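Worksheet: the structure to be examined is printed underneath.
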Amino acid sequence: MHHVQALVIGSGPAGYTAALYLARAGYKPTVLAGELTPGGQLVNTTTVENFPGFPEGILGPDLMDRMRDQAEAFGAIIEYVDVVDVDLAGDVKTMTCSDGERYAAPVVIISTGSRYRKLGVPGEEEFSGHGVSYCATCDGFFFKDQPIVVIGGGDSALSEAEFLTRFGSSVTLIHRRDQFRASQILVDRAKQNPKITLLTNTIVTAVRGDDEENATSADPAPAAAVNNAGTTTPKLTVGGASLALSTPQAPAIGLNLGALSAAQANKPASAAYVELENTVTGERSTLPANGIFVAIGHVPATDFLNGQVATDDDGYVLVDGASTRTSVPGVFAAGDCVDRVYRQAISAAGMGCRAALDAQHYLAEQQD
């Protein structure tokens with residue numbers, strides 16, 4: 001058991017800011033930052049243009065590296081582990097981590113953020129990693145000169161669509177409404193980009209692969225599909241292009257042709273097209289797509305709490321008014337695991353600051 005003065009569960013703007021403030025106050029916090037994606041959602045983001053202090057913008061991963069380094073410079077300790085179990089009862093809270101280590105502290109700040117929301121349609125799970133992706137910066141390169149679709153209507157979806165024009169032969173943004181939630185500047189950029197087609201009032205009902213029966217050119221184009229030149233998208237046919245990422249790679253030496261042939265025969269199918277439905281007319285159609293990027297929001301990463309902290313029906317941690325105090329004394333929460341409204345890096349960082357100050361006040365009261 002590692003006994004520390006303060007624990008921060010999760011990283012990202014909220015976690016690293018909380019750690020910075022606690023460290024500068026002399027508490028030497030330990031940050032349990034996560035095994036696979038320390039730094040939160042921003043590590044999967046391209047240029048961040050709206051974080052104060054960076055007039056030219058900054059890459060999301062670079063911003064997270066700087067925030068982490070600053071917290072460490074003042075004494076924060078970063079452990080790249082996941083929390084798998086918690087015991088928040090009593091004056092000392094304990095955490096069990098994925099590496100088997102246990103940590104105990106009188107105060108805990110929860111800043112675990114959120115995870116990608118999925119479509120829940122046929123083919124999504126089957127083609128995950130073989131055409132379906134939730135990270136444009138991670139996987140965009142693999143769809144060079146291939147048709148790409150992005151699903152969503154918020155800032156993330158519009159930003160990903162613009163980024164993916166660097167790779168795809170075309171990018172179609174599919175949104176279930178006729179109005180976007182995204183910032184107007186991002187919508188305007190998409191409308192002005194000749195490689196982006198906005199397809200509104202449309203939902204994806206299935207993802208299909210290159211080993212399935214292809215749609216024919218008789219399938220009508222969705223009525224709402226209008227490209228940026230002002231003309232209706234032509235009738236759609238499905239190409240048979242395979243996703244390069246799914247092709248097994250032969251080793252540089254000792255090539256076993258028999259094994260390679262078997263691997264080729266058993267390789268997973270790749271995504272080839274999506275099935276669509278117009279939400280106004282009910283019309284159904286298909287659209288070629290080797291890369292399908294889902295950007296429809298997130299769900300809070302709070303399952304590990306096992307109901308020990310009060311949450312709403314969707315799993316967001318409930319806090320007391322404008323504070324970061326949770327239903328458990330000594331436990332505070334900040335960032336996207338709390339905030340379902342603003343969901344910005346700067347607001348998460350501000351909440352991390354508040355959580356650290358609330359934690360300091362709590363510790364001071366306990367010592368009196």
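The values are calculated or read from the model by the stated rules, or taken from the named source; none is laboratory data. Since the model is a prediction, treat every value here as computed from it, not as a measurement. With ideal geometry, Cβ positions are generated from the backbone for all residues, glycine too; neighbour counts draw on all protein chains shown. To get the accessible areas, we keep the full protein, side chains included, count just its heavy atoms, and leave off ligands, DNA and RNA. Shrake-Rupley method; radii C 1.70, N 1.55, O 1.52, S 1.80 Å.
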Notebook entry, point to check: What about S98, is it closer than 14 Å to G335 by Cβ and either touching a helix residue (DSSP H, G or I) at 6+ places or on another chain (Cβ under 8 Å) or not aliphatic (A, V, I, L, M) (or both)?
Noted result: no
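Residue by residue, here is whether (1) within 14 Å of F142 (Cβ to Cβ); (2) modelled with pLDDT of 95 or more; (3) open to solvent by 40 Å² or more (accessible area, probe 1.4 Å); (4) touching a Lys or Arg at 6+ places or on another chain (Cβ under 8 Å) holds:
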position	(1), (2), (3), (4)
A250	no, no, yes, no
Q264	no, no, yes, no
L276	no, yes, no, yes
T279	no, yes, yes, yes
A289	yes, yes, no, no
F293	yes, yes, no, no
Checklist line | Close pairs (7 angstrom Cβ cut-off, 6 or more residues apart or separate chains): without any contact (Cβ under 8 Å) to a residue 40 or more places away in the chain in region 349-368, open to solvent by less than 30 Å² (accessible area, probe 1.4 Å) anywhere | finding: R354/T324; R354/A334; D358/S323; D358/T324; D358/F332
